[in-house]
Amino acid sequence: MKDGSLSDGSDCAWVDNITLPAGQLVAIEKIPTLFFSIYPNPASKTIFVSTNVTGGIINIYTITGQKVKSIAISDSNMSIDISDLHEGIYLVRQISGNESNTQKITIVK
């Protein structure tokens, strides 16, 4: 910011030379290697999960964080019965080793 005013963008300044102090760590987020897809979404009785791993677990949580299901991943393509869950939004988390991936699903009745 040149003079504290950015009303129309005409008085902006850019910095293109950034120096970090020695010993300062810069983190680069690891690209996840754990992938899965869930369909259909929304769902009512069964969801189908496709993943790139076998082993690990899939946990299903309410939007408030309560775990309502935990399923061992036995195959890269599985079906999960959700007919006992109430209508609403849930988080599905796949955990394998020290990696995890989370997706949101909607259950309708």
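The values are calculated or read from the model by the stated rules, or taken from the named source; none is laboratory data. What you see is a predicted model, and the numbers here were worked out from it, not measured in a lab. Don't worry about glycine lacking a Cβ; one is built from the backbone with ideal geometry, like all the others, and counts go over all protein chains shown. Remember, those area values only see protein heavy atoms, side chains included, never the ligands or the DNA or RNA. Shrake-Rupley method; radii C 1.70, N 1.55, O 1.52, S 1.80 Å.
Working only within the range 66-83, note down all residues that are assigned to a loop (DSSP other than H, G, I, E, B) and either open to solvent by 50 Å² or more (accessible area, probe 1.4 Å) or polar (S, T, N, Q) (or both).
We begin by selecting, within the range 66-83, every residue assigned to a loop (DSSP other than H, G, I, E, B); these are 66, 73-76, 82-83.
Those that are assigned to a loop (DSSP other than H, G, I, E, B) and either open to solvent by 50 Å² or more (accessible area, probe 1.4 Å) or polar (S, T, N, Q) (or both): Gln66, Ser74, Asp75, Ser76, Ser83.
So Val15 fits all but one of (1) within 16 Å of the chain's Cα centre (by Cα); (2) at pLDDT below 90; (3) open to solvent by 100 Å² or more (accessible area, probe 1.4 Å); what number is the exception?
All conditions are met except number (1).
Only one of these conditions is not met by Pro21: (1) open to solvent by 40 Å² or more (accessible area, probe 1.4 Å); (2) assigned to a loop (DSSP other than H, G, I, E, B); (3) modelled with pLDDT of 90 or more. Which number is it?
All conditions are met except number (3).
Show the residue pairs that are 6+ apart or on different chains and have beta-carbon atoms under 8 Å apart, the first residue being within the range 81-109 and at pLDDT 95 or above, the second being among the acidic types (Asp, Glu).
Close Cβ pairs (under 8 Å, with a partner that is among the acidic types (Asp, Glu)) amount to Ile107/Glu87; Val108/Glu87.
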